[in-house]
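Data block below; observations after.
The values are calculated or read from the model by the stated rules, or taken from the named source; none is laboratory data. These figures come from a predicted structure and were not determined experimentally. Using ideal geometry, Cβ is built from the backbone for each residue, glycine included, and neighbour counts are taken over all protein chains shown. These area figures cover heavy atoms from the full protein model, side chains too; ligands, DNA and RNA do not enter into them. Shrake-Rupley method; radii C 1.70, N 1.55, O 1.52, S 1.80 Å.
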Amino acid sequence: MKEKEEDWSLVIEPKSSLFDLQLKEVWRYRDLLQMFVTRDFIAVYKQTILGPIWFFLQPLFTTITFTIVFGNIAGISTGGVPPLLFYMAGITCWNYFAACLTATSNTFVGNANIFGKVYFPRVITPLAIVVSNMLKFGVQFVLFLLLLSYYIFTGADVQPNAYLLLVPLLVVLMAIIAMGFGMLISAMTTRYRDLQFLIGFGVQLAMYASTVIYPVSGIPEKYKTFIMANPMSSIIEVFRFAFLSSGSFQWMYVIYPTVFAVVIFILGMIVFNKVEKTFLDTV
Amino acid sequence: MSTVIKVENLSKQYRLGEVGSGTISHDLNRWWHKLRGKEDPYIKLGEVNDRTIKGTSDYVWALRDINFEVKQGELLGIIGKNGAGKSTLLKLLSRVASPTLGTIKAKGRIASLLEVGTGFNDQLTGRENVFLNGAILGMTKAEIRSKLDEIIAFSGTERYIDTPVKRYSSGMRVRLAFAVAAHLEPEILIVDEVLAVGDAEFQKKAIGKMQDVSKGGNRTVLFVSHNMAAIQALCSRAILLKNGSVWNQGNVKDMISYYLADNDGAERKSYMHWKEGSRPGGESIEIISIHLEDSHSNNNEEFYLDEEVYIKIRFKSKSEGARINYSISIYGKGEEYILASPSINDPYYRIPLEEGIYESCCVIPANLFNEGDFNISVLLVNNVNRVICHLEKIITLSYIDNGKKRGNYFGTWNGLIRPELCWNTKKVE
């Protein structure tokens, strides 16, 4: 009996090419992606009384706290924007980024149990995280819009402008950077658990090294390069500029995060793909 | 019938010991070799995976050069002792782990039931979990929706289907999980020890489902189990793995007998032999050996339920005139005292012996005990009431089920003994 090579629908080999994204496979498992997203979204708030309202409360309280601590007590300038709006813009963005990054960086270690028993394209897991967090981001974004319309209605000095068109791009950039970074770290933690500790406080510290609590204009010159190296700084700045017309806009603020996103995503993907095949032996 | 799975030179290497700072040096070395286009320096290392012997290398081959083919519609059994590589092979086939060398080629979708209920979320209801679990196993939403009623009915959990899974009993969980898995319709199904879950009624359902799957003729099942009765009844062909290699393959009956006959490495428990000087007994009588035999005088480790077993006690009478008798006691695994049998009907019972070597034989009839291990104690008495020696639980008698007397039931058969009682139904009115 002779079999032609192309007859095989599945060939399992030790190595695959670096850029094998298995897009076909991912597409075939799109229903799984959807199930994961629903699970993440629903399961968290089961057996709570307030349910999805927690999506609102969390950023709201953080914003209020920031306004009191950084605005009123520390007296950090918000560049003329109402502090509530200023902080909420930053927090909404940062929350999305941080939630995606923390969750995706735990992909392998946290799912070792399920990965050890069933095959599906592993990349589904980080994708689901990014998508389900986007839903949460959406809810918080609505809250931000409500607050914004209240301020516009009461005549505060904020006005959205044409740069709003960039906002979808900003969200995608945040998703890609968080996912790329997360996959990279997740892949590396399978061998070296040290990174798990790092990511915990690293994300927290990185917030202070971004423009969440201060505007770009408020950064002392000697720290500027360092803080702008954080791609989230530019993203948040553009986000604020688009909605509040506060601060400044440079195309560099869009180009830099885009390049950063592409590089980190490719790197993350390569490492993730490589580890996907062997992680069970080392995790 | 065409070949649906072809496994070629499949090998899997594992690193032993802990992953620590030592790993990074090996990683770097490996990367350095790769950079210069050289072979992985650690790929040549590694030993046969015999966990009982202390090895010299940190690398071990869980599988080494496995080759086999599976035809469409075949129900293939994979057997082997613990550590033979069965689970590793299944992991590679189901793409959970990836091979170190070699390839697996397959036609069609492979689904595996390595462990049912993977990815169940406690907070979600039974229904939601059916969708989630189905999707994890590779079903589309539409497929699940069309089979939902069937799945729920099969699991027998209708009443709880809209309750969070965390309120389920463990049995209900497993039933629901298996129901989802059983309704997968892959071309190739990999099953690992499903028989270990659920109660008897459910096991029957599960086995029935597996038989249905392969009866269609287009779908292939790979079945791994330690339950020889199930393997023999379900599979036509088997692969026998040993220390990570295919030791033998072919007809399922032959493979099972090879599997049972292979005892090296394990402690021999059906044979006891004492060297001169250390023999139990007294100044007149000493025991040389005690062992178990089948009707062909083979000293097996395991016996089928439906064969006679002979306990043979060889002893030396050192002086003339000893009048001995024996008594054996048989205990179950849980220390239950099942029976005692003194040698009253032995022609030599209390008859004076001459000097020389004798062999006493006690026959255990077929179809008396159930599957499992039984410990046998031997008591040797001289001159009616003087105990010469009492060898407690000196040998172990293991019975296994060859499935011949089971009918269609593959679940656990309870009880310590399993005699065939007579059944007869008559029409009386």
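Observations, loosely collected:
- Residue within region A:186-195 that is polar (S, T, N, Q), over 16 Å from the mean Cα position of the chain (by Cα), within 14 Å of chain B (Cβ to nearest Cβ) and in a helix (DSSP H, G or I) present: yes
- Residues of region A:63-104 that are within 28 Å of A:Val44 (Cβ to Cβ) and surrounded by fewer than 17 Cβ atoms within 10 Å (Cβ to Cβ): A:Ile64, A:Thr65, A:Ile68, A:Val69.
- Inspection of region B:86-95 finds a residue satisfying the criterion of being at negative phi and touching a Gly at 6+ places or on another chain (Cβ under 6 Å).
- Tallying residues that are open to solvent by 40 Å² or more (accessible area, probe 1.4 Å) and touching a residue at least 24 places away in the same chain (Cβ under 8 Å) within region A:105-121 yields 1.
- Extreme residue, farthest from A:Met188 (Cα to Cα), among residues of region A:237-283 that are modelled with pLDDT of 90 or more and not hydrophobic (A, V, I, L, M, F, W, C): A:Arg240
- Residue, surrounded by the most Cβ atoms within 10 Å (Cβ to Cβ), within region B:199-239, restricted to residues that are modelled with pLDDT under 75 and touching a Lys or Arg at 6+ places or on another chain (Cβ under 8 Å): B:Ala229
- With respect to (1) within 14 Å of another protein chain (Cβ to nearest Cβ); (2) part of a helix (DSSP H, G or I); (3) open to solvent by less than 20 Å² (accessible area, probe 1.4 Å), the lone exception for A:Gly51 is condition (2).
- Here B:Ala97, B:Ala135, B:Ala142 are screened, and the one residue that is in a helix (DSSP H, G or I) and at the interface with chain A (Cβ under 7 Å from one of its Cβ atoms) is B:Ala135.
- Selected residue [on the phi > 0 side of the Ramachandran plot and over 11 Å from the mean Cα position of the chain (by Cα)] from A:Gly155, A:Gly116, A:Gly110, A:Gly138: A:Gly155
- Of the residues B:Lys86, B:Lys81, the single one that is closer than 25 Å to B:Asn251 by Cβ and either surrounded by 19 or more Cβ atoms within 10 Å (Cβ to Cβ) or at the interface with chain A (Cβ under 7 Å from one of its Cβ atoms) (or both) is B:Lys86.
- Here is the figure for region A:103-137: residues that are facing chain B (nearest Cβ under 10 Å), not β-branched (Val, Ile, Thr) and not in a loop (DSSP other than H, G, I, E, B) total 2.
- If the condition is being open to solvent by 60 Å² or more (accessible area, probe 1.4 Å) and within 21 Å of B:Glu283 (Cβ to Cβ), then region B:317-353 contributes B:Lys318, B:Glu320, B:Arg323, B:Tyr348, B:Arg350, B:Ile351, B:Pro352.
Each row is one residue, and each column tells you yes or no for (1) modelled with pLDDT of 85 or more; (2) assigned by TED's automatic domain parsing to the domain that holds B:Met255; (3) assigned to a helix (DSSP H, G or I); (4) surrounded by fewer than 20 Cβ atoms within 10 Å (Cβ to Cβ).
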position: B:Val7; (1), (2), (3), (4): yes, yes, no, no
position: B:Glu18; (1), (2), (3), (4): no, yes, no, yes
position: B:Leu28; (1), (2), (3), (4): no, yes, yes, yes
position: B:Pro41; (1), (2), (3), (4): no, yes, no, yes
position: B:Asp50; (1), (2), (3), (4): no, yes, no, yes
position: B:Lys54; (1), (2), (3), (4): no, yes, no, yes
position: B:Asp65; (1), (2), (3), (4): yes, yes, no, yes
position: B:Leu90; (1), (2), (3), (4): yes, yes, yes, no
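- Residue under evaluation A:Ile213, criteria (1) assigned to a loop (DSSP other than H, G, I, E, B); (2) open to solvent by 50 Å² or more (accessible area, probe 1.4 Å), criterion not met: (2)
- Just one of the numbered conditions (1) away from every other protein chain (no Cβ under 14 Å); (2) surrounded by 15 or more Cβ atoms within 10 Å (Cβ to Cβ) is not true of A:Leu145: (2).
- Total residues in region B:153-171 satisfying the condition of being in a helix (DSSP H, G or I) and crowded, with 19+ Cβ neighbours inside 10 Å: the figure is 4.
Listed here are the residues, each with its yes/no results for (1) modelled with pLDDT of 85 or more; (2) farther than 20 Å from B:Ser278 by Cα; (3) assigned to a loop (DSSP other than H, G, I, E, B).
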residue	(1), (2), (3)
B:Asp306	yes, yes, yes
B:Asn325	yes, yes, no
B:Glu335	no, yes, yes
B:Ser341	yes, yes, no
B:Glu359	yes, no, no
B:Cys362	yes, yes, no
B:Leu391	yes, no, no
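- Checking B:Arg406, B:Arg418 one by one, the residue that is within 12 Å of B:Ala230 (Cα to Cα), surrounded by 12 or more Cβ atoms within 10 Å (Cβ to Cβ) and basic (Lys, Arg) is B:Arg406 and no other.
- Flag for B:Val381 being over 25 Å from B:Glu420 (Cα atoms) and of a type in the set (Val, Ile, Thr): yes
- Pairs where the first residue, in region A:223-234, is in contact (Cβ under 8 Å) with a residue 60 or more places away in the chain and the second is open to solvent by less than 50 Å² (accessible area, probe 1.4 Å) and not in a helix (DSSP H, G or I), C-beta under 9 Å, 6+ apart: A:Met232/A:Ala209; A:Met232/A:Ser210; A:Met232/A:Thr211; A:Met232/A:Val212
- Of all residues in region B:393-414, those satisfying the criterion of being modelled with pLDDT of 75 or more and more than 19 Å from the chain's Cα centre (by Cα) are B:Lys393, B:Ile394, B:Ile395.
- Of the set (1) modelled with pLDDT under 80; (2) buried (at least 19 other Cβ atoms within 10 Å of the Cβ), all apply to B:Glu115 but (2).
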